[in-house]
1. Under a point spin-label approximation (7 Å from Cα along Cα-to-Cβ), what is the B:Arg164-B:Arg201 distance to one decimal in nm?
2. Given R₀ = 30 Å, what would the calculated FRET efficiency be for B:Glu20 paired with A:Leu45, taking r from the Cβ atoms and rounding to 0.05?
3. Any idea how far apart B:Ala209 and B:Phe109 come out in nm if each label point goes 7 Å out from Cα toward Cβ?
4. Under the 0.36 nm per residue contour assumption, what length would be gained going from the current alpha-carbon distance of B:Glu86 and B:Ala154 to full extension?
5. Cα atoms only, the stretch B:91-240: Rg and Dmax in Å?
6. At what distance in nm do the modelled label points of A:Ser5 and B:Ala44 sit from each other, each positioned 7 Å from its Cα along Cα→Cβ?
7. Scan chain B and hand back the longest stretch that contains none of the GluC sites (Glu not before Pro) lying in DSSP loops with at most 12 other Cβ atoms within 10 Å.
8. Taking 24 Å as the cut-off for C-alpha to C-alpha distance, list the pairs among A:Lys82/B:Lys224; B:Lys45/B:Lys91; B:Lys45/B:Lys246; A:Lys25/B:Lys91 that go past it.
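Nothing in this text is a laboratory measurement; each read-out follows from the coordinates by a stated rule. Quick caveat, the model's predicted, so the values are computed rather than measured. Every residue, glycine among them, receives a Cβ derived from its backbone with ideal geometry; neighbour counts consider all protein chains shown.
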Amino acid sequence: MSTYSLNKLLRDVNRDPGIRERFFKDAAAVASGYDLTGEERHAVLERDVTTLYRMGVHGLILRPFTILHQMPEPDYLEAIRK
Amino acid sequence: MAIVYACAGSHAPGIRAWTERAPQAQVDNLFGGYAAVREGLEAAKPEIVLLLTSEHWANFFEHVGAFCVGRGASFEGPIEPWLRVENAEVKGDPEFATRLLEHCYASGFELSFSHEMKFDHGSMVPLSFLTPDMNVRVVPIMFNTLATPRATSARCLALGRMLRPFLDAAPERIAVVATGGLSHDPGERNHGIIDTDFDARFIADMTSADPDRLSRYSDADLLKAGAGTLELLAWICLAGIMGEAKARLVAYEAVVPWATGMGIVSYDRAA
């Protein structure tokens, strides 16, 4: 998997209730604990689903991550198909 | 004969998390199918469910093995707060898991093992239908169906054949449950597209008395029907365990709102 750290951050938010809670309070602080490029960090903080998918976030990490953000399925699919 | 029951079923999260988005007739057919296999499983009074399952980055990430046996005393799940399946500590059986691993290693199959496995929808959905009271011990074998490279169909079939003598000799009453598939591409560009022709072919092969037909599915064949279709490696392993016993189709529905070809098969004769 490319963009390993980026996937790791989103996967940790999906999987770990403590990290998830901290992420929803202060995403930037949680993101600073991961080895992200400037572009990756920006895409996470902006919840830029199109860019996250293009960067190589796995569908089974990105879709659960967006479900946590209450993103409707049609919006998700439109974003990744851009 | 220690295998007292065997079945396989799909675990797309929508069946629990957004049940009501599917047409009622499809919901009824699949819930009815799961109720029927639950009845069969309960009547067989298993002490252990050997769960051939896949996961979605709940455990595999930093470390990935082709097959990983859950050796913990319990498994917490589901990790998804949105699944609408109640949180549970599912009891494991470290002693049985250890015996199973010893048999595997003595037979040339060095499976990974984990003491701290978590369950996501891949395990909690089928358990919520089959053992909703979570009162049967579960020993999972997680299949890596995500990261490349992955085990081949032939290897999964061989894994099943290797497990059979161990299960036959075990003193416990064992239900073998495989889960995953069928055609689906979750979270990816073809999310919602279901390859019903593939599903019909696979079910025909799964319900034939010739499990070797299943070893012909290449990684690319499965992937073509959607990334989640690789989960059928667990079904293929079940076919290896069950050998000449024939599976029967219980229910199949291509459920677009759940983005998955949903199937359930069971074995009339235990083993």
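1. Here the modelled spin labels are 2.6 nm apart.
2. Numbers: r = 34 Å, r/R0 = 1.13.
So, using R0 = 30 Å, E works out to roughly 0.30.
3. 2.4
4. Here the answer is 20.9 nm.
5. Cα-based Rg and Dmax for the stretch B:91-240 come out at 15.8, 47 Å.
6. Label at A:Ser5, label at B:Ala44, 4.9 nm between them.
7. Longest run free of exposed loop sites: B:117-243.
8. Numbers: A:Lys82/B:Lys224 21 Å; B:Lys45/B:Lys91 16 Å; B:Lys45/B:Lys246 21 Å; A:Lys25/B:Lys91 34 Å.
Checking Cα-Cα distances, A:Lys25/B:Lys91 exceed 24 Å.
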